[in-house]
Amino acid sequence: MSARIIDGKAIADRVRAQVRADADAFIARTGVTPGLIVLIVGENPASQVYVRNKRKACLDLGWYSEIRAFPAEVSQSEVEAQIEALNADPRVHGILLQLPLPRHMDEQALLERIRPEKDVDGFHPVNVGKLSLGLPAPIPCTPLGIQRLLTEEGIETRGRLAVVIGRSNIVGKPVAQLLLRKGAGGDATVCVAHSRTADLPGLVRQADIVVAAMGQPEFVKGAWIKPGATVIDVGINRISDPSAPKGSRLVGDVEFAAAREVAGAITPVPGGVGPMTIAMLMHNTLECARRLSGDSA
Ligand code: NDP
């Protein structure tokens with residue numbers, strides 16, 4: 001039997017509609033318009049598309065947003081000075097540093113410059129710590145979007161075995177933390193796999209929920225999936241395909257065609273996890289604006 005396809009775009013549209021309604025009420029209550037600044041360094045074409053989409057999502061909601069673009073050879077201290085200015089700017093509730101940065105820059109030092117209350121990506125050590133303690137804080141957008149997909153689809157996580165493949169700070173580790181947390185969308189038994197994991201196929205075969213975030217095209221085989229399991233494919237990989245219109249196409253980290261024959265529910269690539277990321281960024285920006293304004297409604 002073929003798996004239910006989880007429509008990330010439809011769920012992201014619902015999240016955005018909810019954020020819009022909440023933001024309109026917040027603006028009416030406080031007179032404060034949420035503001036997001038996206039910092040980009042260098043000419044990475046994929047990053048340029050991402051930052052434009054993030055700004056556009058803000059403008060669509062009627063919010064304040066700007067892109068601050070720096071040449072690849074900008075100094076660390078110049079970007080730091082910009083972050084400090086934004087930390088102090090009352091119009092700005094969210095500061096996002098688009099990654100990756102050019103090699104000469106110290107990414108961690110810059111992320112730590114962002115005021116934790118304006119850290120919409122949830123990458124500041126204070127916010128990483130709060131996530132692991134279960135305290136309110138901005139939570140990385142892609143992991144938050146993955147959890148939202150599961151809850152919106154009514155997929156039970158409590159007591160289930162979730163295998164997260166990938167241990168990055170951006171996806172794998174925060175997804176694992178969220179699934180482990182107490183409450184809705186959490187309470188799972190979580191196992192985090194990585195490139196040194198022995199017998200990945202054997203581990204995945206036991207999983208009720210598989211989150212593949214490894215950046216390896218179609219690495220997770222359909223034959224590894226337990227019948228009826230939920231498969232969340234985070235990977236975005238471009239592979240060459242002479243029959244595709246542009247000579248290439250996007251695939252995830254899971255062998256989709258085979259996995260969908262076995263799984264109970266599965267996210268497609270594109271159209272699964274991807275659309276959730278910007279929707280959750282809007283959610284996080286509004287949450288930061290609310291906390292910074294002392295809005296408790
Ligand atoms: P990273 O490269 O930072 O991390 C990849 C992780 O996968 C590492 O922990 C690595 O292990 C692990 N890994 C790599 N190969 C294997 C293997 N053969 N077996 C088991 N584990 C393996 O990637 P990210 O977390 O940043 O991103 C992962 C994927 O998700 C990428 O395709 C990226 O494009 C996509 N992505 C999608 C987003 C979206 O919005 N949909 C947002 C962010 C990312 P080790 O630590 O041992 O090296």
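The values are calculated or read from the model by the stated rules, or taken from the named source; none is laboratory data. The structure displayed is predicted, hence computed values, not measured ones. Glycine gets a Cβ as well: all are built from the backbone with ideal geometry, and neighbour counts include every protein chain shown. Side chains included, ligands, DNA and RNA excluded: accessible areas come from the protein's heavy atoms. Shrake-Rupley method; radii C 1.70, N 1.55, O 1.52, S 1.80 Å.
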Any hit, segment 133-142, residues being within 12 Å of the ligand (Cβ to nearest atom), within 22 Å of residue 36 (Cα to Cα), in contact (Cβ under 8 Å) with a residue 60 or more places away in the chain and not in a helix (DSSP H, G or I): no
Enumeration of residues in segment 167-189 that are assigned to a loop (DSSP other than H, G, I, E, B), open to solvent by 80 Å² or more (accessible area, probe 1.4 Å) and within 16 Å of the ligand (Cβ to nearest atom): 167, 169
Cβ pairs under 9 Å, 6+ apart, first in segment 50-67 and on the phi > 0 side of the Ramachandran plot and in the same structural domain as residue 98 (by TED's automatic domain parsing), second of a type in the set (Ser, Thr, Tyr) and part of a helix (DSSP H, G or I): none
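Only one of these is within 27 Å of residue 121 (Cβ to Cβ) and of a type in the set (Gly, Ala, Ser): 264, 272, 202. Name it.
Working: 264 fails: within 27 Å of residue 121 (Cβ to Cβ); 202 fails: within 27 Å of residue 121 (Cβ to Cβ).
Exactly one of 264, 272, 202 is within 27 Å of residue 121 (Cβ to Cβ) and of a type in the set (Gly, Ala, Ser), namely 272.
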Complete set of residues in segment 24-69 that are of a type in the set (A, V, I, L, M) and farther than 15 Å from residue 82 by Cβ: 25, 27, 28, 32, 46, 49, 57, 59, 61
Residue list for segment 2-32, filter: in contact (Cβ under 8 Å) with a residue 60 or more places away in the chain and not in a helix (DSSP H, G or I): 2, 3, 4, 5, 6, 7, 32
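So in segment 143-164, with the set limited to residues that are free of Cβ contacts under 8 Å to residues at least 40 places away in the same chain and more than 12 Å from the chain's Cα centre (by Cα), which one is farthest from residue 5 (Cα to Cα)? Can you show your working first?
Kept after step one, since they are free of Cβ contacts under 8 Å to residues at least 40 places away in the same chain, are these residues of segment 143-164: 143, 147, 151, 154, 156, 158-159.
Right, trim to more than 12 Å from the chain's Cα centre (by Cα) and you get 151, 154, 156, 158-159.
On the way: 151: 15, 154: 13, 156: 16, 158: 21, 159: 23 Å.
In this case the residue turns out to be 159.
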One residue from 72, 85 being open to solvent by 50 Å² or more (accessible area, probe 1.4 Å) and more than 19 Å from residue 138 (Cβ to Cβ): 85
Residue check, residue 43 more than 17 Å from the chain's Cα centre (by Cα), without any contact (Cβ under 8 Å) to a residue 60 or more places away in the chain and over 22 Å from residue 141 (Cβ atoms): yes
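Please indicate, with yes or no, whether at least one residue in segment 257-271 is touching a residue at least 60 places away in the same chain (Cβ under 8 Å), away from the ligand (no atom under 11 Å from the Cβ) and either basic (Lys, Arg) or closer than 30 Å to residue 28 by Cα (or both).
In the first step, residues of segment 257-271 are kept if they are touching a residue at least 60 places away in the same chain (Cβ under 8 Å); the result is 259-268, 271.
From what's left, away from the ligand (no atom under 11 Å from the Cβ): 259-266, 268.
Filter once more, keeping what is either basic (Lys, Arg) or closer than 30 Å to residue 28 by Cα (or both): 260.
Checked segment 257-271: at least one residue is touching a residue at least 60 places away in the same chain (Cβ under 8 Å), away from the ligand (no atom under 11 Å from the Cβ) and either basic (Lys, Arg) or closer than 30 Å to residue 28 by Cα (or both).
Test of understanding: among 46, 69, which residue is farther than 15 Å from residue 281 by Cα and part of a strand (DSSP E or B)?
Numbers: 46 fails: part of a strand (DSSP E or B).
One residue alone meets the criteria, 69.
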